[in-house]
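Following: one structure in C-alpha cells, then a few remarks.
The values are calculated or read from the model by the stated rules, or taken from the named source; none is laboratory data. Note that the coordinates shown come from a computational prediction; the quantities given were computed from them, not determined experimentally. Heads up, the Cβs are rebuilt from the backbone with ideal geometry, glycines too, and the neighbour counts pull from every protein chain shown.
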Amino acid sequence: MRKHGVWIALTIVAMMSLMLVNCKPQTVTVEVERTVEVTVPVVQTVEVPVGGELVHLVARCKAAPPHEEGRCNNLLAAVGAANAALAEMGDDRRIELEIIQDNADWGDYKTEFELASDAGEAPDIICSGHEHIGDWAPAGYILDITDMIDDYPEFSDIIDSLWESTKWNGRIWGIPQDAEARPFYFNKTLLRQLGWSDEEIESLPDRVTSGEFAWEDMFDVAEEAVNAGVVQPGYGWWHRPKNGPDFLYYYYAAGGEIIPEGGEDALVFDRDAALIVYQLLYEATQERNILLTTRLDGDWTGWHTGITNGEVLFWFGGSWNWAEWAVNYLADRGGEAWLWENVGFAPIPALRRGKNVPITLTHPLLYMISSQSEHPDLALLLISKATTPQLNTDYAVASGHLGILKSQADYTPYTSAKFLSRVLPLLEYTTFLPNSPYWSTWSEAYYLGIQSVESGQLTPEEALEVVVEQLQNELGEHVIVR
Amino acid sequence: MSIAVAGDTTAARRKWDWARVRATLGAWGFLAPAAILVTVFFFIPVIILFVISLTDLSSSNFSEPLHFVWIENYARLFRDRFFPKILLNTVRYVILTLGFFNVGMALVLALLTTHINRRAGFFFRMIWLLPRITPSVVYILMWRRIAHQPPFGILNQLLAPFGVEPRYWLFEQPWLFVILVNGFVGASFGMIIFTSAIESIPRDYIMAAKVDGASTWQVIRDIILPLIRWPLLFVTTYQSLSLLTSFEYILLLTEGGPGLYTTEVWALTAYKRALKTYFGHNQWGYGAAWGFILVLIGLILSIIYLRVFRFNELVEEPKIDVL
C-alpha cells in the first residue's frame, strides 16, 4: 500500500510538471513603464527662539486619498508662514503641527470628534462639513470665532456667500476650506448613439441653464435610451448610492423649504415638495425603468465603475468626482482626456420646464477650532496661512473642488484649470444644507421615503405619510409640517 | 471535668468555625472572578444603559449635564410604526439562523464528521471553522461579491451555464443571504460542542446497539441524541441569546435594507440610533432605550430557558455513575 502511495505521488508530480511545461507561455519581451510611489515623511524644522515656546497643535481631516489630502497637508505647508508671522510680530511661540488624516465615514468621523471632545482630547483643528456646526456649536465643542477673524486679513478674501454656511445663531464657527458643485453629468457618446447631433450635445448645458431642458426632459431621454437599447434598463439616470446631501436639492427643486422664516428652533417639512420628489423617484424606478430599484445599495465602487465604463446616460454627482474618476478609475484610459471626450456637465435641470430654475448644492468643508484648544489664536493663524490662492488652488485642482477665494478668479493656475473654471458658474444656482441639530434626523426620515418608493415597497403617497409620522415622532415640536 | 468538657467543645467549635470560614472564603474566591466580570461587564453597563435611556443625551447636548426625559424615549420607541416590523425581523432572524444553522447544521456536521474517517472529519470541521476566523469585513465582502448585481456576481457566473437569468441576488433574496452569512459562521460553535459530546459517548453503547442490529439512524436517534441533550440545550440557549444581540454581519451586508427596514433587527436599530447615521447626529438616549429593551428580552428569554430546559438538573451530581 505504502509502495503504491509513492508511485501515485510520483505520477501526480510528473503529470503536474507536464501540465506546467505545456502551460508555459511564449516568451515575449514587453517594455513597461513603472511608476513607483514612495511615501516620504514630512519633516518640519521649527526654530524656537531662546526662552520661546514650541506649541504642539493637532489637526484632523477626512480626505479621500490621494486627491483630497491637501485638506490637512495645506495646514502642514502653512506652518512655515505661520511661524514667520509670529517671528515678525515678536511673538516667541512657534507652531509644530501633527496631522491625522484618513477617509472615515462622515458619521464615524463626527462621532470620533464628539467622543474626543468629551474625553478632553479633541484636536485643535477639525476640518468637517459645515452642517456639523448644528450639533457642535450648541454642544460647546467648537469655538465662536466671530470676533477673531478680523485679525487675519487673509479671511477677507473668502467669497462672501460661503460665510453663510459657517453661521449658527448669527455667529461664525468655522473658516471655509473648500466648496464644490454637484452637477448633472451626461454621457456624450451614448447621446450620440441615441441620434443626438454634436450641436445638440454641446448646447445641452446652455439649454439646462436656460430652463429649456428640464428634469422631465431628462427622464424622457433616459427612457428613450432604455427603450432603444442604448443603455440597459435602470442605467438611464443614476443618483448617488446612499443617503447624503444631494437628496436635499431635489426637495429644494420641488419648492421645498427647510429653515423656517422666523428662524425657530425647528425645521420645516413641506409635504407638497416631498411628495413631488417621491413621485419622481417612483416614476424613475417603477414606471420608466430608468433608475435601478437597487441603486441605493451603498456600493460606491459599482457606481463609479458603471459611470466610467460608459454605461450610464445621465447621473447626478459631485464636482470632486471628476478628479476621482480621472485618477482612480480612468488612469489607464486617458484619465481626464477620456472625461472631456465622453462626459459633459451642467447644473441640475429645473424640475419643470418654464416653471423652476436649475439648481445645485454646495457642501463647504470648514476648518473649525476646538473649544478645548489652548492656543486658538495660533490655530486660526495657521488656518489663515493655509487660506491662500496658491495652497487652495493646488488643493482645488487636485481634488476637483471649487476655490473659496475671490482672488482665485484672476489667479492663473486656477483659471487655467479647465474643469474648475467651467464648473464655477454652477455656484450661481447653489443651495446649502441647514446648520441645525435636527438636520440629521430630518434627513434620515426623508431618506426613508426615498428608499421605500425606489424599492417599490410604498407608493409616493404612502411614503409621505410614513415620513411625516416618523418626523413627528422623532422631532416632535422641532419639526413644522406644512 | 466539666471544665475540660467545656474546653473541648469550645476548641471543637473554634476548629469547626475556622473550617467553615475557609470553605466560605474558598467558595467566594472561586466565584469572585466570574462575579467581578459579570458585575463590571453586565450589571454596571446595564444600569448605565438604563439611566442614559431616561435622558435625551445626543450629539448636540453631550457636554451638558444629563437632562432626564424619563419614559419619553420608550414612548417614542413604541410609537414608531416600524417597531413591530423590527421585532418580527429579529424573531425571524434568530429562529431561522438557529434552526437551520447554529443548531440544525451544527448537529448534522457533528454527526457526519464523527461517522467518517477521523482525519477526514477533522479536515471538514476545520473547513467549517474558516468563516469564523475570517475578518468580518473580508467575509462580508466575499458574500457581496458572490451575490453582486449583474453583470458581476460569482453566483451569476456560476448559474449562467444553466440558463438562470442574472440578478442582484442580495437585493432580491436579502433574508436568504442574511441567514446564510450568519449561519455559516454560527454553525461551527455548535459543531465543536456536539462533536466533543458525541466523541465522549462510551463506545460500548454504540457497539452493543450495533451487535443488537441497530441501524446508523437508530443509533443516532436512540443513543446519540438523548445523550447529547444537554449540549443541545446549551447551544440553543447560548446561540439564541448571542444572535439576539448580533448585528455586525447584517450591518455590513445590507445595512438593514434593502428598502424599508427589510432586514433590520433590533440590535442594529439600537446601534444606528445611538451611533450610526449619515450625518452623524447620535441619539444616545434614544438608542439606549432600544438597547435596554433588548436586555430585558434577553433576560426574559434566559429565565424561560432556565425554567423550561431545567438547567438546575444539568448541574446536579449524576444520579448514576457511568463506568
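Taken together, the residues in the stretch A:450-482 that are under 18 Å from B:R79 (Cα atoms) and either free of Cβ contacts under 8 Å to residues at least 40 places away in the same chain or facing chain B (nearest Cβ under 10 Å) (or both) amount to 10. If you go through the stretch A:419-462 and keep only what is among the β-branched types (V, I, T), under 17 Å from the mean Cα position of the chain (by Cα) and not in a helix (DSSP H, G or I), you end up with A:T430, A:T431. Scanning the stretch B:288-301 for residues being at pLDDT below 95 and either within 14 Å of another protein chain (Cβ to nearest Cβ) or within 18 Å of B:S63 (Cβ to Cβ) (or both) gives a total of 0.
Before we move on, is B:P33 within 30 Å of A:A445 (Cα to Cα) and surrounded by fewer than 15 Cβ atoms within 10 Å (Cβ to Cβ)? No; evaluated as a whole, the condition is false for this residue. Would you mention how many residues in the stretch B:129-165 are farther than 14 Å from B:V181 by Cβ, more than 14 Å from chain A (Cβ to nearest Cβ) and aromatic (F, W, Y)? Going through the stretch B:129-165 one residue at a time, the tally reaches 1. Determine, yes or no, whether A:D246 is in contact with a His (Cβ under 7 Å, 6 or more places away or on another chain) and over 14 Å from A:L433 (Cβ atoms). In short, no. Kindly establish whether B:I86 is in contact with a Ser or Thr (Cβ under 8 Å, 6 or more places away or on another chain) and modelled with pLDDT of 95 or more. Yes. Across the stretch B:164-218, the qualifying residues are those that are polar (S, T, N, Q) and part of a helix (DSSP H, G or I), and the one among them that is nearest to A:G234 (Cα to Cα) is B:N182. Determine whether the stretch B:301-313 contains at least one residue that is closer than 28 Å to A:P437 by Cα and either surrounded by fewer than 22 Cβ atoms within 10 Å (Cβ to Cβ) or out of contact with any strand residue (DSSP E or B) (no Cβ under 7 Å at 6 or more places or on another chain) (or both). No; the residues of the stretch B:301-313 include none that is closer than 28 Å to A:P437 by Cα and either surrounded by fewer than 22 Cβ atoms within 10 Å (Cβ to Cβ) or out of contact with any strand residue (DSSP E or B) (no Cβ under 7 Å at 6 or more places or on another chain) (or both). Filtering the stretch A:80-111 to residues that are closer than 25 Å to A:A139 by Cα, of a type in the set (S, T, N, Q) and away from chain B (no Cβ under 14 Å) leaves A:Q101, A:N103. The residue of the stretch A:129-144 that is surrounded by the fewest Cβ atoms within 10 Å (Cβ to Cβ), among those that are under 17 Å from the mean Cα position of the chain (by Cα) and facing another protein chain (nearest Cβ under 9 Å), is A:G129.
Within the stretch B:50-78, restricting attention to residues that are β-branched (V, I, T) and assigned to a helix (DSSP H, G or I), which residue is farthest from the other protein chains (Cβ to nearest Cβ)? Looking at the filtered set, the residue picked out is B:V51. The set of residues from the stretch B:57-68 being touching a residue at least 12 places away in the same chain (Cβ under 8 Å) and surrounded by fewer than 17 Cβ atoms within 10 Å (Cβ to Cβ) comprises B:L66, B:H67, B:F68.
Screening the stretch A:435-445 for residues that are surrounded by fewer than 23 Cβ atoms within 10 Å (Cβ to Cβ) and of a type outside the set (A, V, I, L, M) and picking the one that is farthest from the other protein chains (Cβ to nearest Cβ) gives A:Y438.
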